[in-house]
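Here is the structure we will look at, set down as structure tokens.
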Number of protein chains: 4
Amino acid sequence: MLAAVMTGFGQELSHTTVEDPRLQGPEDVIVRVEATGVCGSDLHIRSGSLQNVLGRPDFPYVLGHETVGTVVEIGAGVSAIKVGDAVALHPLITCGICQDCRAGRDMYCADALFPGVDQRTSGGFAEFVRTGVRSCVKLPKELSPMDFVAATDAWLTAYHAVKRVLPFIRPGFTVVVIGLGGVGQFALQCLSALSSVNLVAADISGDRLSDARQLGVSDTVLVSSDRPIDSWNGRLGSVDLVFDCVGATSSLESGLALLRRGGMLSIVGAGGDLNLSSVAATGREITVMGNYVGHYEDLLELVELIRSGAVTSSHVAYPLSQAEQAMQDLSSGRLSGRAVLVP
Amino acid sequence: MLAAVMTGFGQELSHTTVEDPRLQGPEDVIVRVEATGVCGSDLHIRSGSLQNVLGRPDFPYVLGHETVGTVVEIGAGVSAIKVGDAVALHPLITCGICQDCRAGRDMYCADALFPGVDQRTSGGFAEFVRTGVRSCVKLPKELSPMDFVAATDAWLTAYHAVKRVLPFIRPGFTVVVIGLGGVGQFALQCLSALSSVNLVAADISGDRLSDARQLGVSDTVLVSSDRPIDSWNGRLGSVDLVFDCVGATSSLESGLALLRRGGMLSIVGAGGDLNLSSVAATGREITVMGNYVGHYEDLLELVELIRSGAVTSSHVAYPLSQAEQAMQDLSSGRLSGRAVLVP
Amino acid sequence: MLAAVMTGFGQELSHTTVEDPRLQGPEDVIVRVEATGVCGSDLHIRSGSLQNVLGRPDFPYVLGHETVGTVVEIGAGVSAIKVGDAVALHPLITCGICQDCRAGRDMYCADALFPGVDQRTSGGFAEFVRTGVRSCVKLPKELSPMDFVAATDAWLTAYHAVKRVLPFIRPGFTVVVIGLGGVGQFALQCLSALSSVNLVAADISGDRLSDARQLGVSDTVLVSSDRPIDSWNGRLGSVDLVFDCVGATSSLESGLALLRRGGMLSIVGAGGDLNLSSVAATGREITVMGNYVGHYEDLLELVELIRSGAVTSSHVAYPLSQAEQAMQDLSSGRLSGRAVLVP
Amino acid sequence: MLAAVMTGFGQELSHTTVEDPRLQGPEDVIVRVEATGVCGSDLHIRSGSLQNVLGRPDFPYVLGHETVGTVVEIGAGVSAIKVGDAVALHPLITCGICQDCRAGRDMYCADALFPGVDQRTSGGFAEFVRTGVRSCVKLPKELSPMDFVAATDAWLTAYHAVKRVLPFIRPGFTVVVIGLGGVGQFALQCLSALSSVNLVAADISGDRLSDARQLGVSDTVLVSSDRPIDSWNGRLGSVDLVFDCVGATSSLESGLALLRRGGMLSIVGAGGDLNLSSVAATGREITVMGNYVGHYEDLLELVELIRSGAVTSSHVAYPLSQAEQAMQDLSSGRLSGRAVLVP
């Protein structure tokens, strides 16, 4: 089959022929890829900057962890889905047996494979991909599979983060979302669909703030690149919840400073470090939550949320042969919408 | 002042002059009534059918427990509100000291007064009413006080019931609301604003079902008066949550039969009895929840929900002098919208 | 192998030879039975009184749904346990794929087998039993497998019911447990281990009440068989939570009458019917919860609770050949402790 | 009356005569102090190191925010307690009107007074202290008021922190408590009483670890002062929950490193800073919670927990005239048990 493969750290992706994936166990499933999203972590993996965490693959390695497609072959033990089903793939292939899997906390499974990420399991920048029945979510027929691509990773992270804070927010609470890239916009949509709070959106781009006004936002803050903390005059210490979808040191610091006593900082984007004073964390009873993608049940719910029209997703399609172009466009910040590769 | 007073069980309300209310303690507040809603329980109290629960007043007694107005006088210990403030009145005057009050469970306060209901404290069918600072919610200026009348009791019950089940419902779950009177319609609005589920509305009136389609409902069921349970063909045993806003024996039975294993029946309306088999309740792991109005914090949140436009409220105004007419119109079922008395 | 088989409704169990169970799928596991508990539901199944719910087997049928043993054979897809492991068997063999299974709500799986109960899957009154890897919980070596027999069903129900109410009870709350048979005693132990409330135990037997004083109970109530409700003088309307481990109509009625506003009735035993007035359920904001055995994760936790010594379990052993005697002793109420059959 | 007063930052406390407190409002209460605990924050206030947070009082200022005593005078609006009642004083005098107060989140009240801390309201290092009815918890007669002194602040923090994590811990989970001073010991007691987890205690003192074995601990870790992180070999990445009762930079770092994916770090002690990488916080889905004393309802529950004997409290009594000695003994680390001043 054709695939866009990584041949070395820092090398351009190469559109070339690799071996077709084959069933290896009774619960395996082969999926013909309809589309696979291109994610910021693909850039980091390709550059080698995650090498100390993920190790080094035997190149060539196929990236891609955000995939929808059609089932073309199933293992002997698979009955829940059948050939021809349109499916979204949860990013992990989990063991199904450990306590975390049994309790619905799939993302904590210690024996999971992470295709396209773990440096040994091939991902979705290809015509076909091998997955497991436990990773498949059957897609509703009302919409195109393309409408669910980003739901399998980027939007899943946003939904998971929002779902975890719902028990803590109520009408009248003020929630700030910092960073209006795709994840931040999707977090805004999820918050609008599932709660009724005073939503404040913040970004360094005035255009993005204008767009956000369509998403249920009641107020916006234009963040100064020079002195981010000064952008928040009059709001510091008054906010119930902050979603930091940037994760830079300056956004984390602002997020923390915005919180009122008892407030929560939910970290969705990553990159920088937060210096958390224990005197402040206790004296102001602050909670900081990191978020790691989302569990399988989260994906089931998110697919329903999209199907019902409560939230919507958009993307920019590239042919698989232009995978390198998509990576570079993502890297340059030129994109508006999720880049997806279509074989 | 003028008031619509109850002079005996079963007697027509009399529009007459009674003594003005006076401050009796440092936390008391006198409110000039803008409007007071007329509630089904006013009919029951007037008929005497609740006499065994509530006792018998020294007539004349002033009904009315759903009031908005303007503060005209405050006790020496009141600083949180001031003369001239527009306020909604939580239906109870609570002690503020007991464990339930301290923990925000105001409705469980054993020492509360219930103006217009408890047969000793005068209610809101009058030009003025005495309340306490702890019962007042300051109203936002964006809307008219009239937009909040029903929020102080009827809508509060719906919101409270919805809020209690939010932790148990998720995208993809099926929720049935039985009974599309004001409370049921408002429950639908709250569910639409605060969750994203498959909403099914059920009523004996086809017109009401048509109207419900504006409120985020994905499906409707026309309930047969003859054989209600037969109306649900194909749904029995498949529903995650039922709100019974009727509370008749037949609706309770249908509600129970609709539930899948692990399902919940939330009772909002009252009247009939439910025969709950312990074999069914355990074998199907059923939860049944009764709902009693709403706590003070619920009212704060509901006022925000209305202010933000997430839900809307409508009413039919009567002059206070036509209180008896409003009672009779409510009794006859002729009303569409909450009847409110305007002094 | 030898088994105690049911040859017809109402017939005595027959100790005879039946075919050995065989692996049928890649996730199957054959377990040599160390012990299987005898449960009240075995009596009901044998009598035929559950025939309208469960259907009718092709006799002979092997009962038994509360089993511990040793793994003797595993399917090709099994890696989480190995031959020789001591295991407790969760009562259901669940599909592992449906949303309920994926979210840890195993008991709601619509495709589950229920060995010894579902009238088509053989149970544990035998030398060997077939189960699935997803039903196995590896047992800790500090204790004997016998210490975990009842944990797989009877105690599991008690633990599950207690776990579900923990979010609602706090130091100072009053919790009543009605019925001090094995399940009631175990519920008391779980409540003592996992909360700090005022525990009140109620039973018709003074001896059982005396024993209960060892289990952290602060007060006891001797229930009159004649007029049960009169036994509760001075407590009616004051209790936060009632566990009804009897489930008779009179105990359900008493349980409901005991509750204060906002109180909960948790039904663990079953048999009778509760007449629930919607006026009372709403006016007193009552919650009624039925409980159905326990999820797989509940069993994992319960095994830990027993291993740590926080709760203890006892039993009365019968050789498998005396299964009928055990059934009759259970039926007569002569037993103190869980009857278990040892092949 | 006599009091131990602070006459300047860094000055010794002076045992001298000051004016008696007087009722100032209808909800005020004058309490004759039985005992007031001496807290680490008293040292910080006295040194002036909190001056930038708390401001500077008009000296002399009376410290002390952990008080039990007997009611000797009540305001006109007080009916919930009466002269002669033994009471514990919640550390804050809250407004009772704001949304946080109404919802039971007293510690977040923005208008609260903090006697002995806020630099304008006199505290409990004196014969009498003025408080409000909303701060009083009536004490049970089974025990001496002295058994509840530390419950009003130090133990309250431990209980509050434990209560907040109870929904997240289950039998089989591993919980580490770092730092076995009074707060850490009390946290261990609360965890033993209210959960059943694998408790691991860690400290730099072997003696304290030996003592901890009485408190339900299943394992201990002796922390090396030189290289704290090396003390945890084999546990890093495996722990579900860490309570850091020290709050030093090194203990915070160790706590974070101990956590498994999905783990929580609960900060109870304060002093150092935590460098929280957003990559780690998201990739490992870490939650960090700061804890600020405890709400009024927490204190009600804690008083019940102590009354029932589920947890016990000890102290070292000093006459009020030796307040300075108590401060110095606390400062030197010589104390075992809470120091309390007895007028």
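For the pair D:GLN214 and A:SER218, how long in nm is the line joining their label points, each one 7 Å along Cα→Cβ?
5.4
What is chain C's relative contact order, in percent, from Cα pairs under 8 angstrom and six or more apart in sequence? Can you show the working numbers first?
Numbers: 778 pairs, mean separation 62.8, N = 343.
Over chain C, the number comes to 18 percent.
Once you place label points 7 Å from the Cα toward the Cβ at D:ASN275 and A:SER49, how far apart are they in nm?
In this crude spin-label approximation the distance works out to 1.8 nm.
Below 8 Å, C-alpha to C-alpha, sequence gap of six or more: please give me the relative contact order for the stretch C:31-168 in percent. Could you put the intermediate results ahead of the total?
Working: 231 pairs, mean separation 44.5, N = 138.
32 percent.
Quote the charge dipole size of the protein assembly as shown about the Cα centre in Debye, to the nearest 20; the model charges only the Cβ of Lys and Arg (+1) and of Asp and Glu (-1).
Once rounded to the nearest 20, the dipole reads 0 debye.
For the protein assembly as shown, what % of the accessible area comes from carbon and sulfur atoms, probe 1.4 Å?
About 48 percent, which is the carbon plus sulfur part of the accessible surface.
Dividing the alpha-carbon radius of gyration of the stretch A:1-76 by 2.2 N^0.38 Å (N being the number of residues), what value is obtained?
Relative to the 2.2 N^0.38 Å estimate, the stretch A:1-76 comes out at 1.21.
Looking at chain B as a GNM with Cα springs under 10 Å, which of B:ASP20, B:ASP226, B:ASP42 has the largest mean-square fluctuation?
Evaluated over chain B, the most mobile residue of the options is B:ASP226.
Which residue, D:GLY184, D:GLY124, D:GLY48, has the most motion in a Gaussian network model of chain D that connects Cα atoms within less than 10 Å?
Fluctuation is largest for D:GLY48.
What is the mean number of Cβ atoms from other protein chains located within 10 Å of the Cβ atom of each residue in peptide B:244-255, rounded to a whole number?
If you average over the peptide's residues, the count of other-chain Cβ atoms is 1.
Amide H to amide H under 5 Å from B:GLY116: which residues, 5+ apart in sequence or cross-chain, H placed 1.01 Å off N in plane?
Placed amide hydrogens put B:THR121, B:SER122, B:GLY123 under 5 Å from B:GLY116.
B:THR17 to B:ASP58: FRET efficiency via 1/(1 + (r/R0)^6), r the Cβ-Cβ distance, R0 25 Å, to the nearest 0.05?
Efficiency computed from Cβ-Cβ geometry: 0.90.
Using a simple charge model, +1 on the beta-carbon of Lys and Arg, -1 on the beta-carbon of Asp and Glu, nothing else, what dipole does the stretch A:87-127 show about its Cα centre, in debye to the nearest 20?
Working: 3 positive and 5 negative charges, 20 e Å.
Using Cβ point charges on Lys, Arg, Asp and Glu, the stretch A:87-127 gives about 100 debye.
If you count only protein heavy atoms with a 1.4 Å probe, what accessible area per residue comes out for the protein assembly as shown, rounded to a whole Å²?
36
Which Cα, out of D:LEU43, D:GLY10, D:GLY237, lies furthest along the positive dipole direction of chain D (beta carbon charges, K/R +1, D/E -1)?
Among D:LEU43, D:GLY10, D:GLY237, the one farthest towards the positive end of the dipole of chain D is D:GLY237.
C:GLY290's amide H: which non-local residues (gap 5+, or another chain) put their own amide H closer than 5 Å, with H modeled 1.01 Å from N in plane and none for Pro or chain starts?
Amide H neighbours of C:GLY290, under 5 Å, 5+ apart: B:ILE286, B:THR287, B:VAL288, C:ILE267.
First select every other residue whose beta carbon is under 14 angstrom from the beta carbon of A:VAL18; then total the charges, Lys and Arg +1, Asp and Glu -1.
-2
How many percent of DSSP beta bridges within chain D run antiparallel, rounded to 5?
50
Can you list the distances in nanometres, one decimal and ascending, from the C:ASP219 label point to the identical position in each other copy, with the point 7 Å along Cα to Cβ?
From this label point to the equivalent ones elsewhere in the assembly: 4.3, 4.9, 5.1 nm.
Size of the protein assembly as shown along its principal axes in angstrom, Cα-based, largest extent first?
Sorted largest first, the three principal extents are 85, 71, 63 Å.
5 Å is the cut-off here: which amide hydrogens, built 1.01 Å from N in the peptide plane, fall below it relative to A:VAL221, excluding neighbours closer than 5 in sequence?
The list, which skips near neighbours in sequence, is A:ALA201, A:ALA202, A:ASP203.
When the solvent-accessible surface of protein heavy atoms is calculated with a 1.4 angstrom probe, in what order do A:SER331, D:SER192, C:SER195 fall, highest first? All intermediate terms of the calculation are to be shown ahead of the outcome.
Numbers: A:SER331 80, D:SER192 50, C:SER195 15 Å².
Order by accessible area, largest first: A:SER331, D:SER192, C:SER195.
Out of all Cα-Cα pairs in the stretch A:156-290, roughly what percent, to the nearest whole number, are more than 18 Å apart?
48
What list of ³J(HN,Hα) couplings, whole Hz, do you get for the stretch B:238-249 from phi and the Karplus terms 6.51, -1.76, 1.60, once you set θ to phi - 60° and write x for glycine and proline?
10, 9, 7, 8, 10, 9, 9, 8, 9, x, 7, 4
Using the charge dipole of the stretch D:156-290 (Lys, Arg: +1 at Cβ; Asp, Glu: -1 at Cβ; taken about the Cα centre), state which of D:VAL288, D:VAL177, D:ALA270 has its Cα farthest towards the positive end.
So the residue furthest toward the plus end is D:VAL288.
Residue by residue through the stretch C:65-74, which ³J(HN,Hα) values in whole Hz follow from phi under the Karplus form 6.51 cos²θ - 1.76 cosθ + 1.60 (θ = phi - 60°), with glycine and proline marked x?
10, 8, 10, 10, x, 10, 5, 10, 7, 10
Explain nothing, just compute: Karplus ³J(HN,Hα) = 6.51 cos²θ - 1.76 cosθ + 1.60, θ = phi - 60°, for every residue of the stretch A:288-305 in order, whole Hz, x for Gly and Pro.
10, 10, x, 10, 10, 6, x, 6, 4, 5, 4, 5, 4, 5, 5, 4, 5, 4
At a probe of 1.4 Å, how much accessible area disappears from chains D and A on forming the pair, both sides counted, to the nearest 100 Å²? It would help to have the intermediate numbers written out before the result.
Values: alone 15260 and 15290 Å², together 27590 Å².
Interface between D and A: roughly 3000 Å².
Name the residue, out of C:CYS190, C:CYS95, C:CYS39, whose mean-square fluctuation peaks in a Gaussian network model built on chain C with Cα pairs under 10 Å.
Fluctuation is largest for C:CYS95.
Summing Lys, Arg as +1 and Asp, Glu as -1, what charge do residues with Cβ under 12 Å from the Cβ of A:SER314 carry, A:SER314 excluded?
Local charge sum for A:SER314: -1.
Once ligands and nucleic acids are excluded and a 1.4 Å probe is used, how much of B:THR220 is accessible, expressed in Å² to the nearest 10?
30
Residues of B:170-182, mean number of Cβ from any other protein chain within 10 Å of their own Cβ, rounded to a whole number?
The shielding value for this peptide is 3.
Among D:253-266, A:303-316, what's the highest-first ranking by average C-beta atoms within 10 angstrom per residue? Could the numbers behind the result be given before it?
Working: D:253-266: 22.5, A:303-316: 18.5.
Ranking, from highest mean packing down: D:253-266, A:303-316.
At a probe radius of 1.4 Å, what is the per-residue accessible area of A:ILE204, in Å² to the nearest 10?
Number for this one is 110 Å².
Using unit Cβ charges (K, R positive; D, E negative) and no other charged atoms, how large, in debye to the nearest 20, is the dipole of the stretch D:179-307 about its Cα centre? Don't skip to the end; give the middle numbers.
Working: 8 positive and 15 negative charges, 64 e Å.
With Lys and Arg at +1 and Asp and Glu at -1, about 300 debye.
Over the whole of A:134-140, what's the average partner chain Cβ count within 10 Å per residue? Rounded to a whole number, please.
Mean partner shielding for this stretch: 1.
Work out Dmax and Rg for the stretch A:1-136 from the C-alpha atoms and quote the Rg first, both in angstrom.
14.6, 42
Measuring nothing but label to label, 7 Å from Cα along Cα→Cβ, what are D:ALA76's distances to the other copies in nm, shortest first?
Spelled out, the distances from D:ALA76's label point are 0.3, 9.0, 9.0 nm.
With runs of 4+ DSSP H residues as the only contributors, calculate the mean residue ellipticity of chain C at 222 nm using -39,500 (n - 2.57) per run, divided by the residue total and rounded to the nearest 500.
On the way: 10 runs with 86 residues, N = 343.
That calculation yields -7000 deg cm²/dmol at 222 nm.
State log₁₀ I(q)/I(0) for chain A at q = 0.09 Å⁻¹ as given by the Debye formula over alpha-carbon point scatterers of equal weight, solvent excluded.
-0.49
From Cα pairs below 8 angstrom and at least 6 apart in sequence, can you work out the relative contact order of the stretch C:156-290, rounded to a whole percent?
Numbers: 273 pairs, mean separation 28.1, N = 135.
Over the stretch C:156-290, the number comes to 21 percent.
Give the residue from B:PHE186, B:ALA212, B:TYR159 lying farthest towards the positive end of the charge dipole for the stretch B:83-242; charges sit on Cβ (+1 for Lys and Arg, -1 for Asp and Glu) and the dipole is referred to the Cα centre.
Looking along the dipole axis, the top candidate is B:TYR159.
The values are calculated or read from the model by the stated rules, or taken from the named source; none is laboratory data. The structure presented is a predicted model; accordingly, all values stated were derived computationally and were not measured. Please note: Cβ atoms are built from the backbone with ideal geometry, for glycine as well, and neighbour counts cover all protein chains shown. The accessibility values were calculated without ligands, DNA or RNA, using every heavy atom of the protein model including side chains. Shrake-Rupley method; radii C 1.70, N 1.55, O 1.52, S 1.80 Å.
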